[in-house]
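For reference, the structure discussed in these notes is given below.
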């Protein structure tokens, strides 16, 4: 688990004040491919904080899908926050048929996955109402709803938060597979890249999460310049403090957090357990790899054994971070900003990450984290922290200072504000 489930329990109380103080005006249409609550995984962390920010700007109409039955319990809370709310299930039984349809049409599977006539009718009605002043879609998967005739006819600004260049992720997947899976992933990368280009041309503004993703997007889309809106971290919730120690005495806990049914996380955990940990334990036999996160896949569960512990869901990840000898982010496939890294840095913990996991945050090796690109280098970086506790603590303090300076949510989302203002206000500010 990678976000503030404890803090999320107070969300309604906090947002009562947000809505009370919100600026009056036309509604904001917000579309998300996954219900933006609870913020317990990477995309939902960003979409939840984005929704909170939009609610401060005025009334919000929310349209989203639910792919986890447990999340239905939060639908009424979201309805109480929004001027209108359309929440519908993403039926798993229909996904194979959608995939076959996408293959037959030559389109991206991702696009077909989130196609819904009910959602389309609701979106069309929202645009036709004349009350929507701005439309924001979260993730490229929701772009088709901003490209419909009703959306174009409404003549309002349409903003698309791609977050990452998702097609590049599928290309990365293809590079690590063989046989039919390699072909399928490569096909998805190609079709999705074409769709991303079309979607970017159709909307008024494209948004990416970090400079690396923005530069890739720009290179693929004829030099179009997207807006960078960074991820943030809840600096009040994730901060050094007095937490109970969840680890047995005498060990050197190395912690990785994240949703462990997500392919890049599962792949990274397996690589670390099989390639890095044995090298480290040769010199530090008390080192233990703790995999802390929701829904561990069967492959991750099978890692449990000597020197490896798999916790599954925990009520609070902060004690695991606070008492870790080091936090690891061993992702070999990664796009954008890794929330798990921001959270560890906010807790003032020393972090060792692969270049892929560090790129979005632009970790400065030796200043606010350590970056290693091979198993021996990763083990060596960890060994340096285990040997010198003072250096490890200093690295953690600098990491905390970095996120305080650059990664608060209000500061990150402020970059979006000029696009959410009525044209007259934006013009006065420019003048």
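The values are calculated or read from the model by the stated rules, or taken from the named source; none is laboratory data. Just so it is clear, the structure is predicted and the values come from calculations on it, not from any experiment. Reconstructed Cβ throughout: ideal geometry from the backbone, glycine too, with neighbour counts over all protein chains shown.
Based on this model, can you work out whether residue 232 counts as touching a residue at least 60 places away in the same chain (Cβ under 8 Å) and within 19 Å of the chain's Cα centre (by Cα)?
Numbers: touching a residue at least 60 places away in the same chain (Cβ under 8 Å): yes; within 19 Å of the chain's Cα centre (by Cα): yes.
Considered against the rule, which asks whether it is touching a residue at least 60 places away in the same chain (Cβ under 8 Å) and within 19 Å of the chain's Cα centre (by Cα), residue 232 comes out as yes.
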* Among the candidates 369, 336, which residue alone is outside the structural domain of residue 26 (by TED's automatic domain parsing), touching a strand residue (DSSP E or B) at 6+ places or on another chain (Cβ under 8 Å) and closer than 21 Å to residue 207 by Cα? -> 336
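Going by the conditions given, is residue 401 within 23 Å of residue 249 (Cβ to Cβ) and surrounded by fewer than 24 Cβ atoms within 10 Å (Cβ to Cβ)?
Details: within 23 Å of residue 249 (Cβ to Cβ): no; surrounded by fewer than 24 Cβ atoms within 10 Å (Cβ to Cβ): yes.
Here the answer is no, as residue 401 does not meet what is asked.
Quick check, is residue 82 farther than 25 Å from residue 167 by Cβ and modelled with pLDDT of 90 or more?
When the stated conditions are applied, residue 82 passes them.
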* To do: Taking the options 189, 151, name whichever one is out of contact with any strand residue (DSSP E or B) (no Cβ under 8 Å at 6 or more places or on another chain) and free of Cβ contacts under 8 Å to residues at least 60 places away in the same chain.
  => 189
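Counting only residues that are under 19 Å from the mean Cα position of the chain (by Cα) and in contact (Cβ under 8 Å) with a residue 24 or more places away in the chain, how many does the range 336-384 have?
In the first step, residues of the range 336-384 are kept if they are under 19 Å from the mean Cα position of the chain (by Cα); the result is 336-347, 351, 353-363.
Then drop every residue that is not in contact (Cβ under 8 Å) with a residue 24 or more places away in the chain, which leaves 336-347, 351, 353-354, 356-362.
So the count comes out to 22.
Taking only the range 306-330 into account, find how many residues are touching a strand residue (DSSP E or B) at 6+ places or on another chain (Cβ under 8 Å) and closer than 16 Å to residue 349 by Cα. Please lay out each step first, then the result.
Of the residues in the range 306-330, the ones touching a strand residue (DSSP E or B) at 6+ places or on another chain (Cβ under 8 Å) are 307-311, 314, 317, 320-321, 323-330.
With closer than 16 Å to residue 349 by Cα added as a condition, the list becomes 317, 320-321, 323-330.
Qualifying residue count for the region: 11.
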* Asked: Taking the condition out of contact with any strand residue (DSSP E or B) (no Cβ under 8 Å at 6 or more places or on another chain), modelled with pLDDT of 95 or more and either in a loop (DSSP other than H, G, I, E, B) or surrounded by fewer than 15 Cβ atoms within 10 Å (Cβ to Cβ) (or both), does residue 243 pass?
  -> yes
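Residues that are buried (at least 24 other Cβ atoms within 10 Å of the Cβ) and on the phi < 0 side of the Ramachandran plot, at least 1 per element: which strands (runs of 3 or more DSSP E) completely within the range 257-361 meet that? Outline the logic, then answer.
Working: elements: 287-292, 308-312, 326-329, 351-353.
Qualifying strands (runs of 3 or more DSSP E): 287-292, 326-329, 351-353.
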* To do: State whether the residues of the range 318-326 include one that is assigned by TED's automatic domain parsing to the domain that holds residue 212, touching a helix residue (DSSP H, G or I) at 6+ places or on another chain (Cβ under 8 Å) and touching a residue at least 24 places away in the same chain (Cβ under 8 Å).
  => no
